[in-house]
Amino acid sequence: MYDYLLLEQSNVVRYEELTYPAFRPYLRKITPDSSKVAIGMELDSEPIGLIFAEYATTTATPPKTFGQILSFFVVPEYRSQRIGTTLLQKMSAELKHRGCEEISLKYLDNPYQIALEKILKGQNWLAPEAKALICYGTTAKIKNARVIKYLDKLSPNLANDYTIFPWRSLTEADRDYIKGLMDTHPLTRRFSPFIEEKKIEPLNSLGLRYRDQVVGWMINHRIAPDTIRYTQMYVHPDYKPLSQSILFLGKAIKLQCEAVPEVPNATFRVETDNTPMLNFVNRRLAPHLENIRHAWRVSKYL
């Protein structure tokens, strides 16, 4: 017999294997008044499905509460039995009960995408939107890209007033200057170089100076012993952002290639509204990448 449970600390541990390792610590901390919600599905006391979400209220006037589904999983042998459909319905109802006006779900291209989108459409979710490309590569292939092979010839395009420097040499004065930019410039704030600062990869995280001012950065993180994530690439729009960014990216990739076999894998994300960089990736890097997947977002008003 199927049983659907609103999970709490006393029973949530049995469901940990049904979500990503990164979410398990949050799953364990669920309480009746927390901002995380988990609903499980059991058959004869055996967990076979889990949906996990969080919600938050904005500081806008009037405030609004939004929910986001973090993970959604049904054990393979129990799929195509409307279990996922019911889990999604119950989570939507629970988030609405907690005051959410809208919920969203993010996912990558995957073998189960058609089935998932069929469930979403059946419950009147809006059409999915492609928000970004998620790219995966290896140094063995990407070192053959033109921007890497001919980097020494391209580098003179960096004018004399510009200098690329290791991010680890950033000074306190530099930090104060960047924080001042972030206070006054929304685009700079969007690409903050201080996210996950303690995990920044020193091997190929870089900064760009124009004379004495920091005007750009390439911030990377080691997300696995053999993998670097290229997290934030930004050049202030007053300083030829596309051409400088390409040199930035080429320099960072070359530094990683030179470190092989230590870190042979890389991944990065390009937002679909970043048209110049999207075109560059599709034209110049795509033939040298292992895989490219779309990141989708879909939402529903409650």
Could you please find all residues in segment 250-274 being surrounded by fewer than 16 Cβ atoms within 10 Å (Cβ to Cβ) and hydroxyl-bearing (Ser, Thr, Tyr)?
Thr272
Selected residue (criterion: nearest to Ile142 (Cα to Cα)) from residues of segment 275-302 that are surrounded by fewer than 18 Cβ atoms within 10 Å (Cβ to Cβ) and polar (S, T, N, Q)
Asn291
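Yes/no per residue for (1) crowded, with 20+ Cβ neighbours inside 10 Å; (2) touching a residue at least 24 places away in the same chain (Cβ under 8 Å); (3) not β-branched (Val, Ile, Thr):
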{"site": "Asp176", "(1), (2), (3)": "no, no, yes"}
{"site": "Gly180", "(1), (2), (3)": "no, no, yes"}
{"site": "His185", "(1), (2), (3)": "no, yes, yes"}
{"site": "Ile195", "(1), (2), (3)": "no, yes, no"}
{"site": "Tyr210", "(1), (2), (3)": "no, yes, yes"}
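One line per residue, one yes/no per condition, for (1) more than 25 Å from His294 (Cβ to Cβ); (2) assigned by TED's automatic domain parsing to the domain that holds Arg284; (3) assigned to a loop (DSSP other than H, G, I, E, B); (4) out of contact with any helix residue (DSSP H, G or I) (no Cβ under 8 Å at 6 or more places or on another chain):
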| site | (1), (2), (3), (4) |
| --- | --- |
| Lys141 | no, yes, no, no |
| Phe165 | yes, yes, no, yes |
| Asp174 | yes, yes, no, yes |
| Pro202 | yes, yes, yes, no |
| Arg209 | yes, yes, no, yes |
| Trp217 | yes, yes, no, no |
| Ile223 | no, yes, no, yes |
| Asp238 | yes, yes, yes, yes |
Let me confirm something: among Leu151, Leu116, which residue is touching a helix residue (DSSP H, G or I) at 6+ places or on another chain (Cβ under 9 Å), under 24 Å from Ala286 (Cα atoms) and not polar (S, T, N, Q)?
Leu151
Which members of segment 10-30 meet the condition of being in a loop (DSSP other than H, G, I, E, B) and either under 17 Å from Ile69 (Cβ atoms) or without any contact (Cβ under 8 Å) to a residue 24 or more places away in the chain (or both)?
Ser10, Thr19, Tyr20, Lys29, Ile30
Would it be correct to say that Ala127 is modelled with pLDDT of 95 or more, over 22 Å from Glu262 (Cβ atoms) and part of a loop (DSSP other than H, G, I, E, B)?
yes
Take the residues in segment 87-139 that are touching a residue at least 60 places away in the same chain (Cβ under 8 Å) and basic (Lys, Arg); name whichever of them is surrounded by the fewest Cβ atoms within 10 Å (Cβ to Cβ).
Arg98
Within segment 76-86, does at least one residue satisfy the condition of being touching a residue at least 40 places away in the same chain (Cβ under 8 Å) and in a strand (DSSP E or B)?
no
Give me a count of the residues in segment 93-116 that are within 24 Å of His294 (Cβ to Cβ) and modelled with pLDDT of 95 or more.
8
For segment 46-75, enumerate the residues that are outside any strand (DSSP E or B) and within 19 Å of Ile114 (Cα to Cα).
Val75
Go through Arg283, Arg222 for me and flag whichever is more than 30 Å from Trp125 (Cβ to Cβ) and free of Cβ contacts under 8 Å to residues at least 24 places away in the same chain.
Arg283
Could you tell me whether Leu247 is crowded, with 17+ Cβ neighbours inside 10 Å and outside any helix (DSSP H, G or I)?
no
Regarding segment 103-118, can at least one residue be identified that is on the phi > 0 side of the Ramachandran plot and not aliphatic (A, V, I, L, M)?
no
Given the structure, is Thr267 within 16 Å of Ala132 (Cβ to Cβ), polar (S, T, N, Q), in contact (Cβ under 8 Å) with a residue 24 or more places away in the chain and in the same structural domain as Thr163 (by TED's automatic domain parsing)?
yes
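The values are calculated or read from the model by the stated rules, or taken from the named source; none is laboratory data. The structure presented is a predicted model; accordingly, all values stated were derived computationally and were not measured. Note that we place each Cβ from the backbone using ideal geometry, even for glycine, and neighbour counts take in every protein chain shown.
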